[in-house]
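The values are calculated or read from the model by the stated rules, or taken from the named source; none is laboratory data. Keep in mind the model is a prediction, meaning the values are calculated, not measured. Heads up, the Cβs are rebuilt from the backbone with ideal geometry, glycines too, and the neighbour counts pull from every protein chain shown.
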2 protein chains.
Amino acid sequence: MSEVLMCEANVSEGRRLDLVEGFVDAVRAVDGVSIADYSSDADHHRSVITFLGPPERVLEGAKALATAVLAKIDMREHAGEHPRQGALDVVPFIPLRGVSTERAVEIAREFGGWLGEQGVPVYFYEDAATRPERQSLPKIRKGEYEALEAKLADPEWAPDAGPAAFNARAGATVTGARFPLIAFNVNLRTEDLEIAKTIARAVRHINGGYKAVRGMGFALEDKKMVQVSMNLVNYTETPIPRVLETVRSEAARYGVAVAGTELIGPVPLDALEEVVRHYLQTHDFETEQVVETALLP
Amino acid sequence: MSEVLMCEANVSEGRRLDLVEGFVDAVRAVDGVSIADYSSDADHHRSVITFLGPPERVLEGAKALATAVLAKIDMREHAGEHPRQGALDVVPFIPLRGVSTERAVEIAREFGGWLGEQGVPVYFYEDAATRPERQSLPKIRKGEYEALEAKLADPEWAPDAGPAAFNARAGATVTGARFPLIAFNVNLRTEDLEIAKTIARAVRHINGGYKAVRGMGFALEDKKMVQVSMNLVNYTETPIPRVLETVRSEAARYGVAVAGTELIGPVPLDALEEVVRHYLQTHDFETEQVVETALLP
């Protein structure tokens, strides 16, 4: 099976688009790496660059990006709406296809080790975290760049790689591995927001629902509907069809039907495997049967 | 959008596997072409080699295959169970992704023209046919290799490309374009074969069913079930979910449930688009959202 790893790098530059193009070009120049997407937000003063390929190539892509970013961004001049702590702020490696979480963690740790050698303090988060309190990005980034110098001086927050000395220009980088996230919204044929909120509570983990579901209820005023807006954080443990059918069943208690759903943004091919299996009842369908997979690296 | 064309070449050699490996290597050596699959059948004395890539590259792959095959296979020595007329017997070009049928026809005609120049009589079939009676492969191949010399002498069967003179060594080649075919079986929780046959008649085109469905009813004795076995010849015109739901509805008339289904062999990614849209009710889902498509050529 082909091996595809994805990297969704968050960079603290969202205004000087020529610089961002330069960062993207640096990644694109790495053999075997493909740019899937990139976008910038001026208010957030932040860009997200998504690239993918075989794990070792994606690691090289991340190094090339880091080199370009560290040469151009000075955190002493950075201010934007989005929380941030470093020039190369967050670098998650995401196993997409034929790559285990363990392998993604390995790549993240290797990248972090290398980045540390360049003089940048590095924290490992999510599946690559070295201790439970460092799993969560908001916890690591609390206080942001402005609090970083004091934080690094606290032994509790000694970096996982790189120097504990404050690097005023680069700040710190958070890197790690996480499962691909699926943004999945279900629109309901009612304007009763309470129904969407009740269903969100029924399906999300925090209130007793599915382990890999986070969710909220929203009003869609233009459409005269309400929406159960969800993030599926592990489509293997909690597949899309199971979530949709539970939402449908809970909505039916109020005589409310599903008007439609939205899969927002990129979706890994493997997340569709269970959709095909469940609804077509093709119990042994595998995404390797998809002809185009023969073209993957 | 990436452009992916597939070629499913049928070659009259299924016993000397070293030769077949050589044919596959000849295709593999063409830059930009990927081998999706190949298999040989000794009784049929025939191999199928499936490769894909950008249209122009697949054309080059087909030429490389033809050159290798024509150098090694002599039809005067060929006998097998499967109908055949030439060393390179049938070469369909199949639009998979971002390629129109018209473009696939162009490639097939270009390949046929080139092959004709190599001294092989060529017939165009399916979407590349030059007249209605040449759409069907069985009609073109009627009488097989043994009848070819007389056939070529008949002005009605003048080749579409290449010489009308009989090429005893190479025979003739049939090339053309056709839509990807999906082999889709639905297993039913009954042993009553008549139910499967009745449903096959309900859904297949010939008896008034869906335009792009061919089908038959079979007994699955080991499983104590029956099967509606179908070929979906155009998943755009007649999508998989519509066919399954019609089979399900017809079976329900007899109190019979769908036990499971089978998607046999390779499936184009785009054939799954309507599966996701229909069952997840994601009205605007597009396979371009599948992350891995960023890696396609």
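Data for the structure
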quantity	calculated
Positions within region A:82-99 being farther than 20 Å from A:V27 by Cα and small (G, A, S), in sequence order	A:G98
Meets criteria (facing chain A (nearest Cβ under 9 Å) and crowded, with 23+ Cβ neighbours inside 10 Å) for B:L232	no
Qualifying residue in region B:266-282 (condition: over 15 Å from A:Q281 (Cα atoms), free of Cβ contacts under 8 Å to residues at least 24 places away in the same chain, part of a helix (DSSP H, G or I) and within 12 Å of chain A (Cβ to nearest Cβ))	yes
Tally, over region A:95-127, of residues that are of a type in the set (S, T, Y) and crowded, with 24+ Cβ neighbours inside 10 Å	2
Among the candidates B:P266, B:P239, residue that is at pLDDT below 95 and buried (at least 19 other Cβ atoms within 10 Å of the Cβ)	B:P266
Verdict on A:Y235 being of a type in the set (F, W, Y) and within 17 Å of the chain's Cα centre (by Cα)	yes
A:R76 being assigned by TED's automatic domain parsing to the domain that holds A:A29, under 23 Å from A:L181 (Cα atoms) and not hydrophobic (A, V, I, L, M, F, W, C)	no
Answer residue from region A:131-142, given it is touching a helix residue (DSSP H, G or I) at 6+ places or on another chain (Cβ under 9 Å) and surrounded by fewer than 17 Cβ atoms within 10 Å (Cβ to Cβ) and is farthest from A:A170 (Cα to Cα) among those	A:E133
Failed item, numbered, when A:N167 is tested on (1) within 22 Å of the chain's Cα centre (by Cα); (2) under 23 Å from A:A68 (Cβ atoms); (3) buried (at least 19 other Cβ atoms within 10 Å of the Cβ)	(1)
Whichever residue in region A:34-43 is touching a residue at least 24 places away in the same chain (Cβ under 8 Å) and either part of a strand (DSSP E or B) or within 17 Å of the chain's Cα centre (by Cα) (or both) and, among such residues, is farthest from A:E13 (Cα to Cα)	A:A36
Extreme residue, farthest from the other protein chains (Cβ to nearest Cβ), among residues of region B:58-81 that are under 21 Å from B:D25 (Cβ atoms) and surrounded by fewer than 20 Cβ atoms within 10 Å (Cβ to Cβ)	B:D74
Complete set of residues in region A:1-27 that are within 14 Å of chain B (Cβ to nearest Cβ), buried (at least 16 other Cβ atoms within 10 Å of the Cβ) and out of contact with any Phe, Trp or Tyr (no Cβ under 7 Å at 6 or more places or on another chain)	A:S2, A:E3, A:V4, A:M6, A:E8
Residue tally, condition within 14 Å of chain B (Cβ to nearest Cβ) and among the small types (G, A, S), over region A:94-126	1
Search result, residues across region A:283-295 that are more than 7 Å from chain B (Cβ to nearest Cβ) and within 14 Å of B:N187 (Cα to Cα)	A:D284
Meets criteria (within 27 Å of B:E81 (Cβ to Cβ), touching a strand residue (DSSP E or B) at 6+ places or on another chain (Cβ under 8 Å), assigned by TED's automatic domain parsing to the domain that holds B:G265 and of a type outside the set (G, A, S)) for B:R204	yes
Flag if B:V91 is away from chain A (no Cβ under 14 Å), under 15 Å from the mean Cα position of the chain (by Cα) and buried (at least 23 other Cβ atoms within 10 Å of the Cβ)	yes
Meets criteria (closer than 17 Å to B:P92 by Cβ and modelled with pLDDT under 95) for B:A36	yes
Among (1) in contact with a strand residue (DSSP E or B) (Cβ under 7 Å, 6 or more places away or on another chain); (2) free of Cβ contacts under 8 Å to residues at least 60 places away in the same chain; (3) surrounded by fewer than 23 Cβ atoms within 10 Å (Cβ to Cβ); (4) within 14 Å of chain A (Cβ to nearest Cβ), the one test that B:D31 misses	(1)
Matching residues in region A:45-90 - criterion: being assigned to a helix (DSSP H, G or I), of a type in the set (K, R) and touching a helix residue (DSSP H, G or I) at 6+ places or on another chain (Cβ under 8 Å)	A:K63, A:K72
Of the criteria (1) surrounded by fewer than 23 Cβ atoms within 10 Å (Cβ to Cβ); (2) in contact with a Leu (Cβ under 8 Å, 6 or more places away or on another chain), which one B:T190 fails	(2)
Total residues in region A:242-263, condition buried (at least 21 other Cβ atoms within 10 Å of the Cβ) and more than 9 Å from chain B (Cβ to nearest Cβ)	3
So B:R84, is it over 25 Å from B:P159 (Cα atoms), buried (at least 20 other Cβ atoms within 10 Å of the Cβ) and in contact (Cβ under 8 Å) with a residue 60 or more places away in the chain	no
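Conditions (1) among the charged types (D, E, K, R); (2) in a strand (DSSP E or B), marked per residue:
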residue: A:P95; (1), (2): no, yes
residue: A:E102; (1), (2): yes, no
residue: A:A108; (1), (2): no, no
residue: A:F111; (1), (2): no, no
residue: A:Y123; (1), (2): no, yes
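The rows are residues; the columns are (1) at pLDDT below 95; (2) farther than 20 Å from B:V233 by Cα; (3) not assigned by TED's automatic domain parsing to the domain that holds B:G53.
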{"position": "B:Q85", "(1), (2), (3)": "no, yes, no"}
{"position": "B:V90", "(1), (2), (3)": "no, no, no"}
{"position": "B:F93", "(1), (2), (3)": "no, no, no"}
{"position": "B:G98", "(1), (2), (3)": "yes, no, no"}
{"position": "B:I107", "(1), (2), (3)": "no, yes, no"}
{"position": "B:E110", "(1), (2), (3)": "no, yes, no"}
{"position": "B:V122", "(1), (2), (3)": "no, yes, no"}
{"position": "B:Y125", "(1), (2), (3)": "no, no, no"}
{"position": "B:T130", "(1), (2), (3)": "no, yes, no"}
